[in-house]
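Notes for the one structure printed next.
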Amino acid sequence: MAQPSIGQKIVVDVPSTTANLGPGFDCLGAALDLNNRFAMRRIEGDSGRFELIIEGNEGSHLRGGPNNLIYRAAQRVWKAAGLEPVGLEAKVRLAVPPARGLGSSASAIVAGLVGANALVGEPLSKEKLLELAIDIEGHPDNVVPSLLGGLCLTAKAASQRWRVVRCVWINSVKAVVAIPSIRLSTSEARRAMPKDIPISDAVENLGALTLLLQGLRTGNGDLITDGMHDRLHEPYRWPLIKGGLDVRDAALNAGAWGCAISGAGPSVLALCPEDKGQAVSQAMVKAWEAEGVASRAPLLSIQTGGSHWQPQIEDE
């Protein structure tokens, strides 16, 4: 294990994630086959030097510097490994736009962790990276599937350990994610929620989560329909999303089994069979268009491989 040499390069691919899926607030998340790519390079300079290059229009407001999430995550790796921080550059190709409820901050954290670990010979285990990722993000629903892939249910057990259960998402269940041009910060979405909830709402969510997980495991659309209902966060967040309820209704009318806010929003997730995917996508885009909101709605599958890295042979 040694400090990376000046100019050493790697590429980290990190999947987008959708969290909650309705009733799984702050504990359920899934990786989708829409990846951000981070080309990372050791550069000259002291431990506070981090250069960020964003390719494309999305994320042009993001800045480098020592407080950037990618670099903060990288520093955690080097500290845990007993190494001094180094200067770093990250060239980022964003498929997952920021502030849309698709885990963009989680992807930055995971990229920083995986990339920094790879640059110094991977001294930290995936379990340790997972622990660091949850600590930085504050909740596990996005960072866990971002790192591991698949559908993940994560909970802090009575032992105070984070326990991850890899759940089955059968491939016949597809996701349409309607991604609007409008943004919604996670902090704003959290502020909209009450501090206390009725016991009846908590019980309803527990039942819905059980149905949803069984529906995803078996491909039973009726179970998914009954399972994608939430009483903890969505009633308070839908009013923050311009045209969101119309988009949800359009998806259901076009044949989606169920529909939910993706993460904190404003993206909207619909689950459907593949043969309904195009119709659901078009309906969601048209519904937002009627509200004066531009959007796109790709048909996606679950991504099971999680984040991975490789040496960068040449500039991309």
Review point. Among bridges DSSP assigns within the chain, what percent are antiparallel (round to 5)?
Key: 90 percent
Check your understanding: Angle, helix 277-290 long axis vs. longest principal axis of the chain, Cα atoms, 0 to 90°, nearest 10?
Key -> 90 degrees
Point to revise | Given (i) 51, 41, 38; (ii) 64, 49, 34; (iii) 56, 46, 36, the label whose value is Cα extents along the principal axes in Å derived from this model | key: (iii)
**Study point:** Packing-based ranking, highest mean first, of 201-214, 13-26, 222-235 given that Cβ atoms within 10 Å are counted
**Key:** 13-26, 222-235, 201-214
Revision key, fill the gap. Heavy-atom accessible area of the chain with neighbours in place, 1.4 angstrom probe: carbon+sulfur share in percent works out to 49 percent
Review point. Amide H to amide H under 5 Å from N35: which residues, 5+ apart in sequence or cross-chain, H placed 1.01 Å off N in plane?
Key: S16
Exercise for review: Please grab the % of Cα pairs in the stretch 28-131 that end up more than 24 Å from each other.
Suggested key: 21 percent
Check your understanding: Taking only Cα atoms, what is the 0 to 90° angle, nearest 10, from helix 69-80's long axis to the longest principal axis of the chain?
Key -> 60 degrees
Exercise for review: Which order do the peptides 172-184, 299-311, 262-274 take when ranked by the mean count of other beta-carbon atoms within 10 Å per residue, highest first?
Suggested key: 262-274, 172-184, 299-311
Review point. Which of the residue pairs K195/K286; K9/K174; K128/K156; K9/K79; K91/K242 have a Cα-Cα distance greater than 24 Å in the structure shown?
Key: K195/K286; K9/K174; K91/K242
Point to revise | Mean Cβ neighbour count within 10 Å, used as a protection proxy, ranking 104-115, 27-38, 156-167, 63-74 highest first | key: 104-115, 27-38, 63-74, 156-167
Revision key, fill the gap. Note on the stretch 21-126, DSSP bridge orientation, antiparallel percent to nearest 5 equals 55 percent
**Study point:** Folded to 0 to 90 degrees: helix 244-253 orientation relative to the chain principal axis, Cα
**Key:** 60 degrees
Check your understanding: Which whole-Hz ³J(HN,Hα) couplings does the stretch 153-163 yield from phi under the Karplus relation 6.51 cos²θ - 1.76 cosθ + 1.60, θ = phi - 60°, glycine and proline marked x?
Key -> 10, 10, 9, 8, 6, 4, 6, 6, 8, 7, 10
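The values are calculated or read from the model by the stated rules, or taken from the named source; none is laboratory data. These numbers come from a predicted model, not from an experiment. All Cβ positions, glycine included, derive from the backbone under ideal geometry; neighbour counts span all protein chains shown. Just so you know, the surface numbers come from the protein's heavy atoms only, side chains and all, with ligands and any DNA or RNA stripped out. Shrake-Rupley method; radii C 1.70, N 1.55, O 1.52, S 1.80 Å.
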